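Down below is the structure, laid out as structure tokens.
The values are calculated or read from the model by the stated rules, or taken from the named source; none is laboratory data. These numbers were taken from a predicted model, which means no experiment stands behind them. With ideal geometry, Cβ positions are generated from the backbone for all residues, glycine too; neighbour counts draw on all protein chains shown.
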Amino acid sequence: MVSNIPRHPFPTGNAEEGLAVLQSSAQKLIDGLEARSTRLGDALGTTLMLAKAHCLMDPRAAIFPTWDAWVNAMQVGSAVFAAATTTEARVECRIAHKDRILQATGSQWYVHPNTWLTAFYLAVVCRERDRITALSQVPLSLLRENGSRFDEFQFAWIDTLQTYWLGGPDLGQKLVAAVDGTDPETVTDPETVGKLMYPAMEMFHRIVRKDHAGFNRALVAALQWHKEYWTAEDRAATIPGLVALAPLAMACIAHDAGIPIEVESEYLPAVLIKRNWCGEFPT
């Protein structure tokens, strides 16, 4: 039996105008990256917002402009870390249908765990194996360099995902460390951690155990927590809540591992899960 988690109500009156504004902003940022590569953080935020905004009117991600927006966000996310980790003065990255020569950036304000997770999830959704591998080789030490404080469980979660992708040792121990680190008594923002970050770990746990029923229960719970978080009065009309990125990425991993996805929701663009667009266009 398929469960359905409807998306919370969201105003659509100015959707087309809003998309046009976001598209213009995203393109301007992308076109300026060769001259100012340290704008990659801003570019990622804007392109991801544009990708999610497309899903307001195209919740299945069934049309090309939506897929194109997701690919652009994925390419920018991966470029953040290509520019941060390169040992050369410049690095070539494909972004928005062009090969662009970016300056090496090293550590920047936006090179931190949340950005890495966003880039990883986007690469997973777009099934970009080479980019996922490159992200899995980003040293955790780089993510600590910008001086911002992040909860330790985030580094453990990244370590878990990198280990999983690269086939490294001690996967179970690393996952346990990440989960244990989400204790509400110890984290900086218990609501965000509990409703948006921990659920992906539980889904991943079920994937590793090949627990099909448990995975789908965890996916339902993740979407319910996502919905509860984004229906708070100060968040309900904001674009980031339109798509549940971390659960979407876990659903993509599960789908590719042969786990039937028995949950439908506007928070989870079905065409992205089923990888219908993958391989249709150069990325």
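Quick look at the values:
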{"item": "Members of the range 42-77 that are touching a Pro at 6+ places or on another chain (Cβ under 7 Å) and either more than 16 Å from ALA244 (Cβ to Cβ) or without any contact (Cβ under 8 Å) to a residue 40 or more places away in the chain (or both)", "result": "HIS54"}
{"item": "All positions within the range 202-226 that are in a helix (DSSP H, G or I) and acidic (Asp, Glu)", "result": "GLU202"}
{"item": "Exclusive hit being part of a helix (DSSP H, G or I), within 30 Å of ALA232 (Cα to Cα) and in contact (Cβ under 8 Å) with a residue 12 or more places away in the chain, set VAL179, VAL187", "result": "VAL179"}
{"item": "One residue from PRO240, PRO199 being buried (at least 17 other Cβ atoms within 10 Å of the Cβ), in a helix (DSSP H, G or I) and of a type outside the set (S, T, N, Q)", "result": "PRO199"}
{"item": "Tabulated pairs, the range 124-139, first surrounded by fewer than 20 Cβ atoms within 10 Å (Cβ to Cβ), second at pLDDT below 95, C-beta under 8 angstrom, 6+ apart or interchain", "result": "ARG127/ARG275; ARG127/CYS278"}
{"item": "Meets criteria (touching a Phe, Trp or Tyr at 6+ places or on another chain (Cβ under 6 Å), of a type outside the set (Val, Ile, Thr) and at pLDDT 95 or above) for PRO139", "result": "no"}
{"item": "All helices (runs of 4 or more DSSP H) inside the range 54-168 with 3 or more residues being within 24 Å of ALA200 (Cα to Cα), of a type outside the set (S, T, N, Q) and in contact with a Cys (Cβ under 8 Å, 6 or more places away or on another chain)", "result": "64-85"}
{"item": "Pairs, first over 15 Å from ILE132 (Cα atoms) in the range 160-174, second assigned to a helix (DSSP H, G or I) and of a type in the set (D, E, K, R), C-beta under 9 Å, six or more apart", "result": "LYS174/ASP159"}
{"item": "Which listed residue is without any contact (Cβ under 8 Å) to a residue 24 or more places away in the chain and over 27 Å from ALA237 (Cα atoms), from VAL80, VAL111, VAL91", "result": "VAL91"}
{"item": "Selection from the range 253-268 of residues that are in contact (Cβ under 8 Å) with a residue 60 or more places away in the chain, in contact with a Leu (Cβ under 7 Å, 6 or more places away or on another chain) and not small (Gly, Ala, Ser)", "result": "VAL263, TYR267"}
{"item": "SER148 modelled with pLDDT of 95 or more and surrounded by fewer than 21 Cβ atoms within 10 Å (Cβ to Cβ)", "result": "no"}
{"item": "Which numbered condition THR47 misses (of (1) assigned to a helix (DSSP H, G or I); (2) surrounded by fewer than 22 Cβ atoms within 10 Å (Cβ to Cβ))", "result": "(2)"}
{"item": "Residue in the range 245-255 that is more than 18 Å from LEU161 (Cα to Cα) and crowded, with 21+ Cβ neighbours inside 10 Å present", "result": "no"}
{"item": "Single residue of the range 243-263 satisfying the filter (part of a loop (DSSP other than H, G, I, E, B) and among the small types (Gly, Ala, Ser)) that is farthest from the chain's Cα centre (by Cα)", "result": "GLY258"}
